[in-house]
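In what follows, a single structure is set out as structure tokens and then discussed.
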2 protein chains.
Amino acid sequence: MYDVNQKRVAKVLKKCRQYLNWVQNSVLEGEITEANYKKLKMEIERIIRQDEDSVIFYSLRTTKYSSREILGLKKCGDENII
Amino acid sequence: MYDVNQKRVAKVLKKCRQYLNWVQNSVLEGEITEANYKKLKMEIERIIRQDEDSVIFYSLRTTKYSSREILGLKKCGDENII
């Protein structure tokens, strides 16, 4: 999930969507290989400003012990907004 | 993590912070009992608008298979913003 300056939101989202699925305004999810994960992080670091933006990655090695619940709006299949 | 209308951000954040720790603008984390988790969800549902806002809960039953990485700004101990 990211929290970045408005100027860089579109860029960060676009980059993340190359690898992950968009689930909420600033949240993406997906299966990613170790190599692609490293690549994504490097690419994000080139886009964001270290002193203004923040991007958090949660890595779950298995989904066996995790679950997700959404209250309110569900953003599914919003594939053509950007 | 939440994505709610500006009008309700402070309310949602305040409520979440009664149970969890704030890690990024719209992201909180923490250990929570099953009972408190239910309570939090009920309280959040009373605050948000189902057609405008979205709050996602990821539950990890163990942290053994998960990790977190932050790029950019780390929000730690921002205890007195609200």
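Going through A:Ser59, A:Ser54, A:Ser66 one at a time, which residue ends up being more than 19 Å from B:Gly72 (Cα to Cα) and within 7 Å of chain B (Cβ to nearest Cβ)? Lay out the reasoning, then the answer.
Working: A:Ser59 fails: more than 19 Å from B:Gly72 (Cα to Cα); A:Ser54 fails: more than 19 Å from B:Gly72 (Cα to Cα).
Step by step, each of A:Ser59, A:Ser54, A:Ser66 is checked, and only A:Ser66 is more than 19 Å from B:Gly72 (Cα to Cα) and within 7 Å of chain B (Cβ to nearest Cβ).
Any idea which residue in the stretch A:1-46 is farthest from B:Tyr2 (Cα to Cα), counting only those that are hydrophobic (A, V, I, L, M, F, W, C), more than 7 Å from chain B (Cβ to nearest Cβ) and free of Cβ contacts under 8 Å to residues at least 40 places away in the same chain?
A:Ala35
A short reminder: the numbers here are calculations on the coordinates, not readings from a lab. Given the structure is predicted, the values throughout are model-derived calculations rather than measurements. Every residue, glycine as well, gets a Cβ built from its backbone with ideal geometry; the counts of neighbours run over all protein chains shown.
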